[in-house]
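Down below is the structure, laid out as structure tokens.
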Amino acid sequence: MKLEKSKLSENKTVQISGSKSISNRLLILESLFKNIQIGNLSNSQDTQLLKKALSENTETVDIHHAGTAMRFLASYYSIFEGKTTILTGSKRMKERPIKNLVSALKDLGVEIEYLENEGYPPLKITGRKITQKQVNVPANISSQFITSLLLIAGKLENGLEINLVGEVTSRSYIEMTLDILTRFGIKNSFEGNTIKVENFDGNGEQPTVSYEVESDWSSASYFYSICALGRKTIHLKSFYKESTQGDSAIAKIYENFFGIKTTFTEDEHKLTLQPEPDFVFPEKIVLDMNNCPDIAQTLCVTAAALKIPFDISGLGTLRVKETDRLQALYNELKKLGTETEITDLTIKSLSFGEPEENISIKTYQDHRMAMSFAPYCLIGELNIEEEDVVEKSYPMFWKDLGDVMIR
């Protein structure tokens, strides 16, 4: 997709679909406990794939590129006694490690086999009645592994106690899961490195609970970048001031480093993103994004476009996402004239030069690569390869981008 050099329209409003992270958690709980009504469900491809998998009674379940679905369904299918499920996905999905989650499920007594490569999907899962109450899990793994266990915990006869070993990564996502469990009456606690979830009988007299899904803060991040580069006001709906989404950290990050002030209109559930007119950009951005790594690409592109030096840490999980996101950023930021240095945990800028002519950004089958680089059209023309990858999380992105731009 060719994006011409553009300007930002003033005071445009964008309605963003429900959070993919929240929607996917709710779909698992809805299937297990039956007492949930969901509003504003995400229209992302990942959520639709998970919804389809939960509605079908087939032995083989193919979730394609949907990493969240792979992780959540691995635990979900583990608790159906005697039921065998083969859980598979795309070529890239078969390269994404799942050993830590599988090991935890095996420790709980579940029978799981790797059908191809040790530590990776596809999986053959034979469900078991889980009575084991405690399990140890490395704390620095993907929070989705831990959430996967938490979502089934209320169905387990003795509940579940997860002991996190080491320093916790993406703690905000774990807390978001526990908040959702609490909303539905599933008692839990998170003290130190120990999470406890009590058994919950959701099949009896439990009243139906309605849950209106907040819009997706990860998707909102691209409009923060657009606002930072275009310096015009944008309105986003439907968001909550006291959000449980970890990526809501984008509001404070962009206020501190790019002068984008966020105000909330409670009755309309609306954010207003407004650039401070006389904001002085920092000499350097130094930031630990351990709790919100999914918005790191957005931040790096914004900083590169404005030629603000950056040193971002806490990015260990980016190596095993849809692509190796750190390597992808290293490769593609060069095209904007930004040289970087990466490690397993960090990315930092080294120098800023002139961008290439005829910039064409590879997306590596990663939706966030496409959307995080798109705001650069406010600086110069560029091409986004494989633009359809945005369907994974934000199918309406290109339309919404066009609606706020003047070309």
Q.
Across segment 327-373, what fraction of all alpha-carbon pairs, as a whole percent, falls in each successive 5 Å bin from zero upward?
A. 5, 21, 29, 25, 16, 3, 0
**Q.** the chain - percent relative contact order, Cα under 8 Å, separation 6 or more
**A.** 19
Q: Take the alpha-carbon positions of segment 20-212, form their convex hull, and give its projected area averaged over all directions (one quarter of the hull surface) in nm².
A: 9.8
Q: Rounding to the nearest 20 debye, state how big the charge dipole of the chain is about its Cα centre with +1 on each Lys and Arg Cβ and -1 on each Asp and Glu Cβ.
A: 260
Q.
Can you give me the long-range amide H partners of N40? Hydrogens built in the peptide plane at 1.01 Å from N, cutoff under 5 Å, separation of 5 or more residues or another chain.
A. V213
Q) Between segment 273-347 and segment 380-407, what is the C-alpha centre distance in whole Å? A) 20
**Q.** From phi via Karplus (6.51, -1.76, 1.60), per-residue ³J(HN,Hα) for segment 159-171 in Hz, x at Gly/Pro
**A.** x, 8, 10, 9, 9, 8, 9, x, 7, 6, 9, 6, 4
Q: Over the Cα atoms of segment 173-315, compute the convex hull volume and normalise it per residue, giving Å³.
A: 124
**Q.** Mean ellipticity per residue at 222 nm, deg cm²/dmol - from DSSP H runs of n ≥ 4 across the chain, formula -39500 (n - 2.57)
**A.** -9000 deg cm²/dmol
Q: Enter the angle in degrees (range 0 to 90, nearest 10) between the Cα long axis of helix 45-55 and the first principal axis of the Cα atoms of the chain, meaning the one along which they spread out most.
A: 20
**Q.** Other-chain or far-sequence residues with amide H under 5 Å of E386's (modelled H)
**A.** none
Q.
How tilted is helix 67-76 with respect to the longest principal axis of the chain? Cα atoms for both, answer in degrees (0 to 90, nearest 10).
A. 10
Q: Keeping every protein chain in place, order T84, T272, T208 by accessible area at 1.4 Å, biggest value first, i.e. largest first.
A: T208, T84, T272
Q: Along each of the three principal axes of the Cα atoms of segment 137-178, give the extent in whole Å, ordering the values from largest to smallest.
A: 29, 19, 12
Q) Where the only charges are on Cβ atoms (+1 Lys, Arg; -1 Asp, Glu), what is the dipole of segment 207-310 about its Cα centre, to the nearest 20 debye? A) 420
Q: Work the Kirkwood hydrodynamic radius out for the chain: mean of 1/r over every pair of different alpha-carbon atoms, inverted, in Å.
A: 21.9
Q.
For a distance above 22 Å, tell me the whole-number percent of Cα pairs in segment 295-407 that qualify.
A. 28
Q. Measuring with a 1.4 Å probe in the full set of protein chains, what accessible area per residue, in whole Å², belongs to the chain?
A. 40
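The values are calculated or read from the model by the stated rules, or taken from the named source; none is laboratory data. Note that the coordinates shown come from a computational prediction; the quantities given were computed from them, not determined experimentally. Positions of Cβ are generated from backbone atoms using ideal geometry, with glycine treated the same way; all protein chains shown enter the neighbour counts. Each accessible area value is taken on the protein alone, full model and side chains, heavy atoms only, with ligands, DNA and RNA left out. Shrake-Rupley method; radii C 1.70, N 1.55, O 1.52, S 1.80 Å.
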